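What follows is one structure encoded as structure tokens, with my remarks underneath.
What follows is calculated from the coordinates using simple rules that are stated; it is not laboratory data. The structure presented is a predicted model; accordingly, all values stated were derived computationally and were not measured. Positions of Cβ are backbone-derived with ideal geometry, glycine not excepted, and every protein chain shown enters the neighbour counts.
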2 protein chains.
Amino acid sequence: MTASQPSTTAEELRGAGLRVTAARVALLDTVRDGDHLDVESIASGVRDRVGHVSLQAVYEALYALTAAGLVRRIEPAGSPARFEGRVGDNHHHVVCRSCGAVADVDCAVGEAPCLDASDDHGFSIDEAEVIYWGLCPGCSTTRSS
Amino acid sequence: MTASQPSTTAEELRGAGLRVTAARVALLDTVRDGDHLDVESIASGVRDRVGHVSLQAVYEALYALTAAGLVRRIEPAGSPARFEGRVGDNHHHVVCRSCGAVADVDCAVGEAPCLDASDDHGFSIDEAEVIYWGLCPGCSTTRSS
DNA sequence: TTCGTTCTCTTGAATGATTCAGGTTTATGA
DNA sequence: TCATAAACCTGAATCATTCAAGAGAACGAA
């Protein structure tokens with residue numbers, strides 16, 4: 001085979017200074033295949049792929065991958081943390097007030113911080129996080145019927 | 001005394017359909033005097049004014065006052081809930097990544113939802129919550145020195 | 001003024017997500 | 001092949017928040 005593959009999941013981990021373990025490869029794949037999964041769902045996705053993994057290992061791996069910029073953590077008010085594989089494009093989220101469903105929303109402005117604060121109070125701002133709150137299609141029909 | 005005062009804290013509570021108790025008057029005053037206080041700080045502020053109040057009473061009162069629109073709850077990722085008395089103007093917040101300090105930022109756009117999602121995925125959106133993340137003046141000098 | 005209803009407050013316990021502790025295994029570079 | 005630090009394990013602790021159920025108090029009606 002060729003000596004250097006373009007960029008497998010394993011190589012991305014190594015490139016980020018992390019060791020390549022079956023669990024972490026499976027975790028990164030799980031997060032990328034999933035849709036804003038919470039920690040429990042990620043753990044069960046990893047277990048489907050590689051067998052037993054402790055919940056703590058999942059927490060530690062998510063911490064490491066988040067720090068490395070390979071996954072992104074979002075935490076809407078009232079929800080446990082969720083993770084997504086889409087990183088680096090500064091997109092935003094819509095969250096359903098009723099069922100907690102999350103969907104991606106492209107940032108219309110561009111790179112972070114995509115908005116300027118009218119008065120930054122001396123803070124050095126690096127990101128503007130936008131969460132659109134509302135009702136998802138399912139919950140809004142349930143509610144009005 | 002005059003039979004009708006303009007709008008005391010007590011009357012605001014009554015007007016919102018809530019009973020007027022010393023604890024709730026003190027709580028609303030505490031939140032308004034304070035600056036994005038957490039529940040513990042609110043409880044201790046209330047106790048300074050009226051003596052003993054249980055933490056659960058504070059939680060219940062905050063829930064009721066939030067539902068009535070007299071206070072607003074904010075919950076930046078990684079922080080316990082905080083409450084503020086400034087309501088109805090759809091302003092936003094800057095949060096320090098290092099120490100968690102919160103400051104208000106006026107909304108440059110206007111009423112909620114102040115932003116339109118580029119693709120709302122069928123959600124009916126009523127609010128765009130913006131959190132500017134960065135470092136407060138104190139933390140950014142500490143970090144660079 | 002008294003009374004009853006319902007809201008508010010109480011103490012005490014439970015929950016759930018996350019983190020800490022300490023020791024063992026394993027990936028990786030020398 | 002080995003050493004080392006990263007990754008992983010089990011088990012316990014922490015923190016904010018919520019649940020439960022009974023006691024007390026506000027307030028409108030009689």
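Laid out as a table, the results:
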| item | result |
| --- | --- |
| Residues satisfying the stated conditions in the stretch A:113-133, i.e. facing chain B (nearest Cβ under 9 Å) and under 20 Å from the mean Cα position of the chain (by Cα) | A:P113, A:D126, A:E127, A:A128, A:E129, A:V130, A:I131, A:Y132, A:W133 |
| A:C139 vs. criteria in contact (Cβ under 8 Å) with a residue 24 or more places away in the chain and within 11 Å of chain B (Cβ to nearest Cβ) | yes |
| Failed criterion for A:D104 (all others in (1) at the interface with chain B (Cβ under 10 Å from one of its Cβ atoms); (2) over 25 Å from B:I74 (Cβ atoms); (3) among the charged types (D, E, K, R) hold) | (2) |
| Any chance A:I42 is in a helix (DSSP H, G or I), more than 12 Å from DNA strand D (Cβ to nearest atom) and in contact (Cβ under 8 Å) with a residue 40 or more places away in the chain | yes |
| Qualifying residues in the stretch B:82-96 (those that are over 20 Å from B:D126 (Cβ atoms) and facing chain A (nearest Cβ under 8 Å)) - the one farthest from DNA strand D (Cβ to nearest atom) | B:V94 |
| Within the stretch A:51-67, tally of residues that are near DNA strand D (Cβ under 10 Å from one of its atoms) and either of a type in the set (S, T, N, Q) or surrounded by 15 or more Cβ atoms within 10 Å (Cβ to Cβ) (or both) | 9 |
| Qualifying residue in the stretch B:81-92 (condition: closer than 25 Å to B:C139 by Cβ, in contact with a Ser or Thr (Cβ under 8 Å, 6 or more places away or on another chain) and free of Cβ contacts under 8 Å to residues at least 40 places away in the same chain) | no |
| Members of the stretch B:30-43 that are within 13 Å of DNA strand C (Cβ to nearest atom) and over 12 Å from the mean Cα position of the chain (by Cα) | B:A43 |
| Answer from B:G15, B:G69 - the residue that is small (G, A, S) and at positive phi | B:G69 |
| Filter result for B:E11 (free of Cβ contacts under 8 Å to residues at least 40 places away in the same chain, within 16 Å of DNA strand C (Cβ to nearest atom), within 14 Å of another protein chain (Cβ to nearest Cβ) and acidic (D, E)) | no |
